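Encoded as structure tokens, the structure appears first; notes follow it.
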Amino acid sequence: AFKKRVFSGIQPSGGLTLGNYLGAIKRFVQMQDEDYETIYCMVDLHAITVWQDPAALRRQTRELAAGFIASGIDPAKSILFNQSQVAEHAQLGWIFNCVARMGWMQRMTQWKDKAGKNSQNASLGLFAYPSLMAADILTYHATHVPVGEDQKQHLELTRDIAIKFNNDYGVDFFPVTEPVIEGAGTRVMSLRDGSKKMSKSDPSDASRINMTDDADTLAKKIRKAKTDPDALPSEAEGLEGRAEARNLVNIYAGLADMSVEAVLRDVGGKAFSEFKPLLAELAVAKLAPISSEMARLMENEAEIDALLHTGADAARAIAAPILEKTYDIIGM
Ligand code: ADP
Ligand code: NA
């Protein structure tokens, strides 16, 4: 039996979005008070699978750490660190490159989306990304991984890698990890296109809510968010085939900690022109305290760096013996 342990990460490839907050961080915060050991990571090695400006990467990594802490991740309850500070991730990642099959990787829809038509010009790292992600999780023997819906396929691959390693070497060494994909915020969509997920890497800033957006910017983005001409339904079935309408209701539910059904009981029948200001007001109430706390934390970079060093030491203390045992199993 494996100890109940959570691992999850976020890329410092841009500022935090509302999608990251509702789909991932909110759940990370809850899990640190549940029956798990919790480990959270700025996955900078993943960020460089597409080119990052070095100064921007350094700033975004600290800002992401500030975002975690401002959202409620408590370094006394959770291990928080940068992926590149714990070499075991990359070391186990190599081993998993030798376990994972080309065919498995080629089926990854995120690879196909991100590499696009010009896949011959994508980095080898972008292709191998899900194998490194398996290493991130399994170098801690993590049993549970809270993520947004977009990561479901990568977590299935993590399970396949653990199972194949265990079978290939006749051991019961790596746990078969459970994804934790729960709540209204697991798939927050772009404000401009209800078929695309909200992402920090979307070139359109109007498509997303950034955790650092000020109240006016937030209100403007929500006012301009794409919707349809119909009023809000009073039951969830009335959102079928209405991706943009459903997205705004989901966002409201996620921010208010309510079910979609409960939100629709309150706002069913309203026009979007009435609902959007309510959503903007809720978003400001929930996000403004986080962004002002982030700004305050960013004034003391040395303190953030010191916290992350302490976190990396704690992470390494778990990862190093697991890597050593892995080498031993393989014959090294
Ligand atoms: P991004 O796609 O913004 O670059 P990451 O790949 O770093 O974000 O993902 C970090 C976490 O945030 C993952 O658990 C991912 O599933 C979650 N996440 C990212 N975008 C969304 C979204 N639009 N809705 C819900 N969860 C999301
Ligand atoms: Na992602």
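No lab work stands behind these numbers, since they all come straight from the coordinates. This one's a predicted model, so the numbers in the text were calculated from it and none came from an experiment. Ideal geometry is used to build each Cβ from the backbone, glycine not excepted, and the neighbour counts take in all protein chains shown.
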Would you mind computing, in nm to one decimal, how far apart the modelled labels at residue 301 and residue 56 are, each placed 7 Å from Cα along Cα→Cβ?
1.7
Roughly speaking, what is the centre-to-centre gap between region 116-167 and region 4-46 when only Cα atoms are used, to the nearest Å?
16
What translational diffusion coefficient, to the nearest whole µm²/s, does region 141-198 have by Stokes-Einstein, given a Kirkwood radius computed over alpha-carbon pairs, a temperature of 20 °C and 1.002 mPa s viscosity?
165
For a test of the definition: using alpha carbon positions, the gyration tensor, and the 1.5 limit on a/c, classify region 84-188 as rounded, prolate or oblate.
oblate
Checking 186, 109, 143 against a Gaussian network model of the chain (alpha-carbon springs below 10 Å), the top fluctuating residue turns out to be 109
A correct Karplus calculation of ³J(HN,Hα) over region 303-309, with 6.51 cos²θ - 1.76 cosθ + 1.60, θ = phi - 60°, whole Hz and x for Gly and Pro, returns 5, 4, 4, 5, 4, 5, 5
In the neighborhood of residue 82, defined by Cβ-to-Cβ distances under 14 Å, what is the net charge if each Lys or Arg adds +1 and each Asp or Glu adds -1?
-3
Spherically averaged projected area in nm², based on the convex hull that wraps the Cα atoms of region 1-139
9.4
How big is the antiparallel share of DSSP beta bridges in the chain, given as a percent to the nearest 5?
10
Length gained, residue 74-residue 122, 0.36 nm per residue minus C-alpha separation, equals 13.6 nm
Calculate, for residue 281 and residue 234, the FRET efficiency according to 1/(1 + (r/R0)^6) with r their C-beta to C-beta distance and R0 30 Å; round to the nearest 0.05.
0.90
Just subtract the alpha-carbon distance of residue 206 and residue 30 from 0.36 nm times their residue separation and send over the number in nm, one decimal.
60.4 nm
Taking H placed 1.01 Å from N in the peptide plane, check which residues at least 5 places from residue 38 or on another chain put their amide H under 5 Å from its amide H.
6, 79
Rounded, prolate or oblate: which one fits region 145-288, using the alpha carbon gyration tensor with axes a ≥ b ≥ c (rounded when a/c is under 1.5, else prolate when a/b beats b/c, else oblate)?
prolate
J(HN,Hα) series, region 65-80, from Karplus relation 6.51 cos²θ - 1.76 cosθ + 1.60, nearest Hz, glycine and proline x:
4, 4, x, 4, 5, 4, 7, x, 6, 9, x, 7, 9, 10, 8, 10
Please tell me which of these pairs span more than 22 angstrom C-alpha to C-alpha: 200/221; 224/286; 200/286; 196/226; 112/197; 164/196?
164/196
Cα centroid separation, region 70-109 to region 300-332 (Å)
12
Along the positive direction of the dipole of region 205-296 (beta-carbon charges: Lys, Arg +1; Asp, Glu -1; about the Cα centre), which of 292, 236, 272 reaches farthest?
292
What is the sum of charges around residue 63, taking Lys and Arg as +1, Asp and Glu as -1, for the other residues whose C-beta is under 15 Å from the C-beta of residue 63?
-3
For residue 155, the net charge from surrounding residues (Cβ-Cβ under 12 Å; K, R +1; D, E -1) works out to -4
Note the per residue figure in Å³ for the convex hull of the C-alpha positions in the chain.
142
Dividing the alpha-carbon radius of gyration of region 205-296 by 2.2 N^0.38 Å, where N counts its residues, gives 1.08
Sequence ranges 198-208, 34-44, 97-107, ranked by mean other-Cβ count within 10 angstrom, highest first:
34-44, 198-208, 97-107
If the viscosity is 1.002 mPa s and the temperature 20 °C, what translational diffusion coefficient in µm²/s does Stokes-Einstein give for region 47-106 when Rh comes from Kirkwood over Cα pairs?
152
Kindly provide the helix-only [θ] at 222 nm of the chain, computed as the sum of -39,500 (n - 2.57) over DSSP H runs of four or more divided by all residues, to the nearest 500 deg cm²/dmol?
-16500 deg cm²/dmol
Specify the residue with the greatest mean-square fluctuation among 297, 132, 191, computed from a Gaussian network of the chain linking alpha-carbon atoms under 10 Å apart.
297
Distance (nanometres) between label positions extended 7 Å along Cα→Cβ at residue 262 and residue 196
3.3
